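Take a look at the structure set out below.
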Amino acid sequence: MRFHQRQLANGLTIIGETSDSAQSAAIGFFVKTGSRDETPATSGVSHYLEHMTFKGTERLSALQVNEAFDHTGAKFNAFTSHENTVYYAAVLPEYLAEVTDLWIDLMRPSLRDNDFAMEKQVILEEIAMYKDTPQFDVMDRCRSLYFGNHPCGNSVLGSDESITAMTADQMRQYHRDRYGPNNLTVACCGRLDFDSLCRQIETGCGKWKPVEAGRTLSPAVGNGRRQRLGKSSIQREHICLLSPSVSVQDPRRYAASLLGMIVGDDTGSRFFWSMVDTAIAETALMEFESMDGVGVMDSYIHCGPDNAKVVLELAEKTFADLRQNGVTPQELQTAKNKVLSAVTIKCEIPMGRLVDLGMNWVYLKEYLSIQEEVRNIRAVTLDQVNDLIRDFPLEQFTCFSLGPETYPPLP
Amino acid sequence: MPKTAQIHTLANGMVLLSEPMDHVQSVAFVFLVPCGSARLPDDACGADNVLLDWLFRGAGERNSRQLIDALDGLGLHRSCSITPHHLVFGSSLEAGNLAAALELHADILLRPRLEDEQFEPSRQLALQELEGLEDEPRQKVMTLVQEQFYPEPLGRPSLGRKPDLQNLTAQRLRDIFRGGFHPSCGLFAIAGRYDFDAVCRQLEILFGNESSPARTSIPRGSSGQPYRHVHHDGAQVHIGLMTPTIPITHPDYYHAMAAVSILSGSMSSRLFTEVREKRGLCYAVGARYHTLQDLAGISCYAGTTPDKAQETLDVILAEFRRLREGISSDELQRAQVGLKSSLIMQSESTASRSGGIASDFHLLGRVRPLEEIKQQLERLTVDSVGRFLREQPMDKFTIVTIGPKEIRIPA
């Protein structure tokens, strides 16, 4: 694997990790914008804009865009999070240039009024679909409870009201403000010629004007509140816990990620033995989620509504024990082995590697080879994990629970 | 593209399949044990889902905790599933830990402890998983439609049926295990980095002494009703449907693959274009091909708000029926390149390949070289696919809806 990097005069950065043994190539356009960069009036615009990007440009209609991608056999899509909008494609090497041209074109979409009206219906359907997905719904609600007025609590999808009220002009303005070349990173990996790709991107994007697309960072530590909502369509209890942790810029993120695995991996973790092995909960997971300037430990537990109380007691007991006694050397070693093998397997496929490669650059402006990632994971010590437990008490969680209507509020 | 798969048969008849891959550090293997949902006694639907959990609660010299610790310590990623014919035990891991992982699997598959006190949590978890399906209408609708589409017992839900799970006892499940769980009657497939001779020698020692009784065929009953509605107080109506088509063993198989791809393989496909892009009826709409040895179907899912549900179904059915009017050359080109690039990209993943060669051997009695699949796809013409679609029109449907509103099924 070889690393390459180039920056155009207008600030657009191109990074690549090439490998001649790969069968495919992957490319991603990473726009540093997401729901945290929205106002209440534009809630959901980042995600809606991601949909609208596929609706065409001056020279292409929506159907022509889809046909042009499909002509190459590319596996292509996009996703929007609280902080990023990422457009990506995995493709056979001979089609990479064609797909790259399409993405360059689409980064300057037409955003036509009639397409905007039609896609609004699709977005409202997507919001409805997630209302019928309690696992997603509860996380969104818990996030909003935890972050309060902090922008990381903004919903990615927006609401029925904000989407219905949104105008195409608001979206056009948002696009002008956020899709500047200096707020965009192109990452690529697999079998490809980096220099020729850079020439292509320079030709296509070199004239774009930079923008002032800032982002204000502020801390968030949650509030320890607990809320429950009963819904007639739900039969099981879906519980989300959020507590503070380190940000994506913090070197302690490796320890935090291992801690998440020790507490809440789907097998062999503290949660697994206390709740799943005993059949008190069907699912009990914890993950570390790092963001720009903030981070959280994020748990999702799914159980029968009668068990909600005991599940919360068990979580509290787990957290108290970790605070008192720390994690064991064997737990840490096992977590490292799991993370390392996951990294190996994922990075064997260009598309698997692409998102980590791009995100590292977006947040840290640095390249970390797979070997360096592996070294950093291996280097985490027991003390570092235990210090993290002390500095960011897991028991100070904010909790949202979603379940059947006929059950009482949380203790 | 990788070369042809190797096959080795153990003295007791157990088949081992191998597809080594260059340039990877990982290995993936899968055991297919012919004890799937259709092979269970009529009143024990879901017993194999209980068994999947129970098997991992101690085996050989190791109790439950020691076993999970040993598996996790190898950084092994497990993925187990249930098909009508098989219980599937899949694993991916770093190449250096392969021998130890195979040894643990011999314990799990041949010498599980199946202790009384570990049975109840396994059964409770299976019951919870089944109840959890109530909160996932998207999954539930596809489970129900498959159950109604295939003749008993081939469409049985892998999560089981509640009364059967409630009545299941440890002794009953132990009897099912002793009578029907024979790894050596099944298949083992491996892909990635390893020494196949060494793997064969090790498996001969580990599995070679297990006797393998003759395989029996599965008797078949009748299919379910053509339409069923389940009331659910959610935000959307979830529509699941299936229509019969030819199985993988049929000479026209690649024509069916092309037809499904044209219907729903990508964003320019007919369902996405007509249902979502032109009419804004859904966020999620898609169809996929599903095959057993001698029966196959195309399944389709769409989720939409109640007022749009009737139109969504009508448009979907019209698109299935319209296929018999033929396809365009552009559509065929996109289907061919899409299917070929999926094939090549799958060949980069050890887990995809181990699963792929196992499934080929089960369904066809041989492993298709990737080159053969590629050639077969290239041989398709507009006329040959058109002929296939006239001969095999898609106009008989099994339909299930879940949601606040029932819809009218056209005659």
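Near B:Gln375, once Lys and Arg are set to +1 and Asp and Glu to -1 for all other residues with Cβ below 13 Å from its Cβ, the sum equals +1. Under the simplified labelling scheme, the A:Asp306-A:Gln7 pair shows an inter-label distance of 6.2 nm, with each label point 7 Å from Cα along Cα→Cβ. Determine the distance separating the Cα centre of segment B:197-234 from the Cα centre of segment A:122-194; give it in Å without decimals. The two parts, judged by their Cα centres, are 42 Å apart.
Among A:Cys189, B:Cys185, a tally of other beta-carbon atoms within 10 Å of each Cβ gives an order, fewest to most, of B:Cys185, A:Cys189.
Across chain B, Cα-Cα pairs more than 41 Å apart make up 18 percent of the total. Post the alpha-carbon centroid distance, segment B:120-189 to segment B:248-316, in whole angstrom. Each part's Cα centre sits 27 Å from the other's.
What the Cα atoms of chain A give is an Rg and a Dmax of 22.3, 64 Å.
Within a Cβ distance under 9 Å of B:Arg113, other residues only, what is the Lys/Arg minus Asp/Glu net charge? Here the count lands on +2. Shape descriptor for segment A:226-403: Rg over Rh equals 0.99 (Cα atoms; Rh from the Kirkwood inverse mean 1/r).
Once the Cα atoms of helix B:64-73 and of chain B are each reduced to a long axis, what angle between those two axes, in degrees from 0 to 90 to the nearest 10, is obtained? The answer is roughly 70 degrees. Over all pairs of distinct alpha carbons, what does the Kirkwood formula give as the hydrodynamic radius of segment B:34-129, in Å? Computed over Cα pairs of segment B:34-129, the Kirkwood hydrodynamic radius comes out at 14.0 Å. Comparing Cα centroids, segment A:29-101 and segment B:23-56 end up 39 angstrom apart.
Across chain B, Cα pairs under 8 Å and at least six residues apart give a relative contact order of 24 percent. What is the angle, in °, between the Cα long axis of helix A:350-364 and the longest principal axis of the Cα atoms in chain A? Nearest 10 is fine, range 0 to 90. Tilt relative to chain A: about 80 degrees. With neighbours defined as other Cβ atoms within 10 Å of a residue's Cβ, the residues A:Ser155, A:Ser21 order from fewest to most as A:Ser21, A:Ser155.
Taking a straight Cα-Cα cut-off under 17 Å and skipping sequence neighbours fewer than 8 places away in the same chain, the aspartates and glutamates within cross-link reach of A:Lys346 are A:Glu17, A:Asp356, A:Glu372, A:Glu373, B:Asp22, B:Glu94, B:Glu348.
Computed over segment B:6-207, the Cα gyration tensor eigenvalues convert (square root of 5λ each) into semi-axes of 29, 19, 17 Å, ordered from largest to smallest.
Residue by residue along A:342-353, Cβ atoms of other protein chains within 10 Å of the local Cβ number 5 on average.
Note that segment A:236-251 has calculated 3J(HN,Hα) couplings of 10, 9, 10, 10, 10, 10, 10, 9, x, 8, 7, 8, 5, 7, 7, x Hz, one per residue in order, obtained from phi through the Karplus relation 6.51 cos²θ - 1.76 cosθ + 1.60 (θ = phi - 60°); glycine and proline are x.
In angstrom, the C-alpha Rg and Dmax of segment B:155-231 are 19.2, 56. At q = 0.13 Å⁻¹, what log₁₀ I(q)/I(0) does a Debye calculation on the Cα points of segment B:227-403 give, no solvent, two decimals? Once normalised to I(0) and log-transformed, intensities are -0.70.
Sequentially through segment A:318-324, phi angles give Karplus couplings (6.51, -1.76, 1.60; θ = phi - 60°) of 4, 5, 5, 5, 4, 5, 7 Hz, Gly and Pro residues having no value and appearing as x.
Panel order for A:Trp273, B:Trp54, A:Trp208, by other beta carbons found within 10 Å of each beta carbon, from fewest to most: A:Trp273, A:Trp208, B:Trp54.
To the nearest µm²/s, what D does Stokes-Einstein give for the protein assembly as shown at 25 °C and 0.890 mPa s, using the Kirkwood radius over alpha carbon pairs as Rh? Once the numbers are plugged in, D ends up at 87 µm²/s. When Rg and Dmax are taken over the Cα atoms of segment A:2-205, they come to 17.6, 50 Å. Compute the label zone of A:Thr203 within segment A:64-98: residues whose backbone N is under 16 Å from the point 7 Å along Cα-to-Cβ. Taking a point 7 Å out along Cα→Cβ of A:Thr203, the residues of segment A:64-98 whose backbone N falls under 16 Å are A:95-98.
When the C-alpha to C-alpha distance is required to be over 31 Å, the pairs from A:Lys32/A:Lys309; A:Lys365/B:Lys340; A:Lys55/B:Lys340; A:Lys32/A:Lys55; A:Lys131/A:Lys338; A:Lys75/A:Lys120 that qualify are A:Lys32/A:Lys309; A:Lys365/B:Lys340; A:Lys131/A:Lys338.
Every number in this text was worked out from the coordinates using simple rules, so none of it is lab data. This one's a predicted model, so the numbers in the text were calculated from it and none came from an experiment. All Cβ positions, glycine included, derive from the backbone under ideal geometry; neighbour counts span all protein chains shown.
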